[in-house]
Amino acid sequence: MEVKTSLLDNMIGVGDMVLLEPLSEETFIGNLRKRFEHNEIYVSSILYFYSPSKFRSYLNFCTGLFALSFVFHSYALADEAYRSLRDQDKDQCILITGESGAGKTEASKLVMSYVAAVCGKGQEVNKVKEQLLQSNPVLEAFGNAKTVRNDNSSRFGKYMDIEFDFKGDPLGGVISNYLLEKSRVVKQPRGERNFHIFYQLLSGASEDTLKKLKLDRDFSKYNYLSLDSATVNGLDDAANFRTVRNAMQIVGFMEDELQSVMELVAAVLKLGNIEFKPESRVNGFDESRVKDKNDLKEMCELLGIEQSVLERAFSYRTVEAKMEKVSTTLNVAQAYYARDALAKNLYSRMFSWLVTRINESIKVCFSKVMGVLDIYGFEIFEDNSFEQFIINYCNEKLQQIFIELTLREEQEEYVREGIEWTNIEYFNNAIICDLIENNQNGILAMLDEECLRPGTVTDETFLDKLNTICAEHQHFESRLSKNSKFLTDHSLPHSCFRIQHYAGKVLYRVEGFVDKNNDLLYRDLSQAMYKANHSLMKLLFPEGNPAKVNLKRPPTAGFQFKASVGTLMKNLQTKNPNYIRCIKPNDKKASQVFTDSLVCHQVRYLGLMENVRVRRAGYAFRQAYEPCLERYKMLCKQTWPHWKGPAREGVEVLLKGLEVPEEEFAYGRSKIFIRNPRTLFFLEEKRRQCLEDLATLIQKIYRGWKCRTHFLLLKKSQVVVSAWYRRYAQKYKKIKSSSIVVQSFIRGWKVRMQKYFLGLKNTMPSMSPIDKTWPARPYLFLDGTHQELRRIFHLWRCKKYRSQFTEEKKAIYEEKLEASKIFKDKKALYPSSVGQPFKGDYLEINKNPKYQKLNSVMDEKVLLADVVNKINRANGKGAPRIFLLTKKKFVLADQKTGQVKASVPLPDLNSVSVSTQSDGFFGTPSAAKGDFLLSSDRLIEIITKLHRTGAASAERETIGVDISDEFLVQFKQDKVCVKFIQAGPKNGNSVACKRKNNRLLEVSVPSP
């Protein structure tokens, strides 16, 4: 099966620098530029480009693939290291180097995220992975800062050992930090910031937290914070502060530990605001005093220190020698030095404690380890000092171990494959490492000697010693040395010395070497810090314990760093190395910009040319027999298309058939070794030509197959079409005659429908809703349509009729409709009332002066005013009464005097009783006043208005209307039955009411 992906497929430039031919600095830079312009930011197995706007993640795609099988190199290298660790029990280390802003931190994050993604799952495993990943934001906040080259520059070196169990799942880790740039705490170059945590705390902490820490959000109030770069585009300090707090909690920090750390950060800010003023003493010595004691007081409150103790430590220095103590005053310059030294030590020791605390949470002891080293690259600035000197010393040691481990790996592979090993010539930088670290006459040893010797010690005396001892060393240059060839070298100032490193010459300014190496903190300040009540002070300043006074000078910074580097080198030598060299394409933090001079500078000081020369010495390319045969088997007839023997024999037949000279390759036990890259490119060119020929052959066969298939398909389709045509041709005449019949029916139907609608238009009935006429149906099949059109027309006609009504007319018709619901087919009097409009106020009570008194009594609008007869129970005769109806009551008043005789609230009116005859009698039961038996010619209107108005007033659905020829009327204490009968012709046409006895009134109603 053909290998699907390979470094050589679709290669832009040369993917592996080991195969670059010819190898020179010019071709090296040109190959990098060509690949960079095509967004191929990864090159071979030792370096990659970092472009801030083009850093993309392909984690899901890369999982499980091996190095050099695809472009994204960081995941591939991490995958190879992880699988070697898991499957072969080989401890691994990944060394990431490069200058500031080249992407070292991002590369280390990618390595850790890849390992976290591919290892096992489970609650405990996920917790460990999360702790390992979340340690990064914590260390970045306290150890990273914005520089002119990088907005998130690591200002310390970090080495992390990730520990795994036998299944390959992470169990924990150990972090080591190297050389925190603590001078940044007190002073930052122009255009740079202090460490991120200061700005994050002031921007992201709550008002309550800042109040407890005695801080203000204004950056300008703190001397240790530079203001020209306080805010950085793309950095959200407030959000990052919340991220850091969350990460610290995930790693395992307790809430009180978080508070303690923030108190120390606040104390450093307060410490920078302490200023001093000179004060002369009687004895002539100058001493210093604190100007404004407010910041000193707040700092002491944060750390739990007595203010007087710390104030004295800033003004006096105690020197102990054997049994003697000498106390001297500090002038203003010395006080500022002591303040800055305390700030630097407080912050750097807090950072070391953070690393130790993280290790306590994630550290375990297990055999399988993968180390990730993210450390400073080689530094060559315009002004190089002590920091650059020890950083470059570290890089010299890393270059030395790279050469040693690479050669050892090459030699082991040659022995494993049975290939004869030949010595490789290369530049061994051990002589430069010896110049720096030799215990007798190395530069670090002489610097320590100068720092420890009595007498006047300055940077100039240190340089004089170097000029004396190192003058003859071939990699040391100084204007004042005994070597006369540098006396006239004006590029070499008098106060400087130059070392020829493996990456090039670096000029170091000797100023500050002695002070920075001493890194001296006065014992008075250490003891003052130890007395603090703060929970971390005794851990950070153990030398301040009065019970354990050590008169020895503490180890110098150079000595400590040399010991740390030695431990690191021993650790790396026990592991299988993997390398990532980061190159920054430009200084503008921009994409698609390639600066040749900057890249060339980095290629030199990273020693990449030297690394490639070592890698390609001997045999430049090697590959297992199986993939080699799969890739090139089409170049030989004997191996194409399938080789049925062992893969090695197939490769031998292949190379013999291609007539490759025998000195150009060698056969190992499992791999084929190719000496010269030209041989590999020869094979690739032959393969490309062969693939083109194969592609042409495949195209030819495919086109022939496609044409034949198309022809056969057309032939088959023609047969099918013919058969169907003959089948349907026989039925064509029948179909045609049927269609003619259908067409005739359709045309007839259209004519009849047109005639029907035109006839209907001309014979439409009137617009009166009571007009029942409708034209006759002309055709039987239109019966349903005809009836539906009649219904629709009637509805439309009614709607048009209703639209002509006014609001008053609508109200009258609503009352008429209500009367119809109550009396239709129930009361004989109803039909005669249909044609009579309901007027309501028949007496015109508002206009008639006769009823002015009665009108003044009514406090509501009168809905109905009419004269009714009140029936007397004694004789059945009627007395005229004025009947008034309002919304809340009805009133009976005397017709002559207008005096109110009775007023009945409508809620008290339960029901109204009437007969089925054509009389005008009605009874009104009332619980309060007794019942009334009344008579009126406008009975239908009165009952209807009572029914509508009473229902609204009583807030109930309706007032009952009892229609019966017999009903009871309550007259005071007696109940009387009112009975309606039809009178004979001799009684005339009038209604008569007679009393039959005490319990019966009989009403005679004439026949209709």
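Key figures for this structure:
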read-out: Distance-filtered residues of the stretch 805-823 - backbone nitrogen under 14 Å, label point 7 angstrom along residue 834 Cα→Cβ; value: 816-823
read-out: Those aspartates and glutamates that a straight Cα-Cα span of less than 14 Å connects to residue 824, excepting residues fewer than 8 apart in one chain; value: 815, 941, 962
read-out: Cα radius of gyration and Dmax for the stretch 101-200 (Å); value: 15.6, 51
read-out: The stretch 868-916 - convex hull of the alpha-carbon atoms, volume per residue in Å³; value: 106
read-out: Potential extension, residue 805-residue 709 segment - 0.36 nm per residue separation minus Cα distance; value: 26.3 nm
read-out: Acute angle (nearest 10 degrees) that the helix 293-303 long axis makes with the longest principal axis of the chain, alpha-carbon atoms; value: 90
read-out: Size descriptor, Kirkwood hydrodynamic radius, that averages inverse alpha-carbon separations across the stretch 130-265, Å; value: 16.1
read-out: Antiparallel DSSP beta bridges within the chain, as percent of all bridges there, nearest 5; value: 75
read-out: For the stretch 130-197: relative contact order, % (alpha-carbon pairs under 8 angstrom, 6 or more apart); value: 36
read-out: Residue list for the stretch 711-725, given a label point 7 angstrom along the Cα-to-Cβ vector of residue 732 and an amide N cut-off under 11 Å; value: 725
read-out: Rel. contact order, % - alpha carbon contacts under 8 angstrom, at least six apart, the chain; value: 10
read-out: Share of alpha-carbon pairs per 10 Å distance bin for the stretch 148-206, given as whole %; value: 17, 34, 26, 17, 5, 0
read-out: For the stretch 354-460, alpha-carbon Rg and Dmax in angstrom; value: 20.0, 63
read-out: Square roots of 5 times each gyration tensor eigenvalue, C-alpha, the stretch 826-971, largest first, Å; value: 22, 17, 17
read-out: Overall form of the stretch 808-881 per C-alpha gyration tensor (a/c, 1.5; a/b vs b/c); value: oblate
read-out: Three-way shape call for the stretch 546-704 based on the alpha-carbon gyration tensor, with the a/c threshold at 1.5; value: prolate
read-out: Taking N as its residue count, the alpha carbon Rg of the stretch 625-725 over 2.2 N^0.38 Å; value: 1.74
read-out: Lys pairs under 19 Å by Cα in the stretch 615-712, provided they are eight or more residues apart or on distinct chains; value: 10
read-out: Percentage, to the nearest whole number, of Cα pairs in the stretch 452-604 over 22 Å apart; value: 66
read-out: Computed log₁₀ I(q)/I(0) - Debye formula, equal Cα scatterers, no solvent, the stretch 405-480, q 0.11, 0.17 Å⁻¹; value: -0.48, -0.72
read-out: Globularity index of the stretch 72-113, i.e. its alpha-carbon radius of gyration over 2.2 N^0.38 Å; value: 1.24
read-out: Length-normalised contact order of the stretch 225-357 in % [C-alpha pairs under 8 Å, at least 6 apart]; value: 22
read-out: Principal axes of the chain: Cα extent on each, largest first, Å; value: 168, 117, 52
read-out: Per-peptide average of other Cβ atoms within 10 Å, ordering 688-694, 973-979, 298-304, 736-742 highest first; value: 298-304, 973-979, 688-694, 736-742
read-out: Relative packing of peptides 219-226, 578-585, 959-966 - highest average C-beta neighbours within 10 Å first; value: 578-585, 219-226, 959-966
read-out: Whole-number Å³ per residue for the convex hull built on Cα positions in the stretch 714-773; value: 149
read-out: Helix 677-729 axis, angle to the chain major axis (alpha carbon atoms, nearest 10°); value: 20
read-out: Sequence ranges 820-830, 243-253, ranked by mean other-Cβ count within 10 angstrom, highest first; value: 243-253, 820-830
read-out: If the convex hull is drawn through the Cα atoms of the stretch 364-421, its volume per residue in Å³; value: 126
read-out: Helix-derived mean residue ellipticity, 222 nm - over the chain, DSSP H n ≥ 4, -39500 (n - 2.57), to 500; value: -14500 deg cm²/dmol
read-out: Computed over the stretch 706-830, Cα set: Rg, Dmax in Å; value: 31.5, 102
read-out: Size-normalised alpha-carbon gyration radius of the stretch 304-370, reference 2.2 N^0.38 Å; value: 1.76
read-out: Amide H contacts of residue 98 (H built 1.01 Å from N, under 5 Å, at least 5 apart or other chain); value: 377, 378, 582
read-out: Cα-based helix-to-principal-axis angle, 73-88 vs the chain, degrees rounded to 10; value: 70
read-out: Surface/4 of the Cα convex hull for the stretch 560-650, nm²; value: 11.6
read-out: All-pairs alpha carbon distance profile, the stretch 493-554, 10 Å steps from 0, percent; value: 18, 31, 18, 17, 16, 0
read-out: Sequence-distant residues sharing a close amide H with residue 912 (under 5 Å, placed H); value: 960, 961, 962
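Throughout, read-outs are computed from the coordinates displayed, never taken from laboratory work. No experiment lies behind these values; they were computed from the predicted model shown. Heads up, the Cβs are rebuilt from the backbone with ideal geometry, glycines too, and the neighbour counts pull from every protein chain shown.
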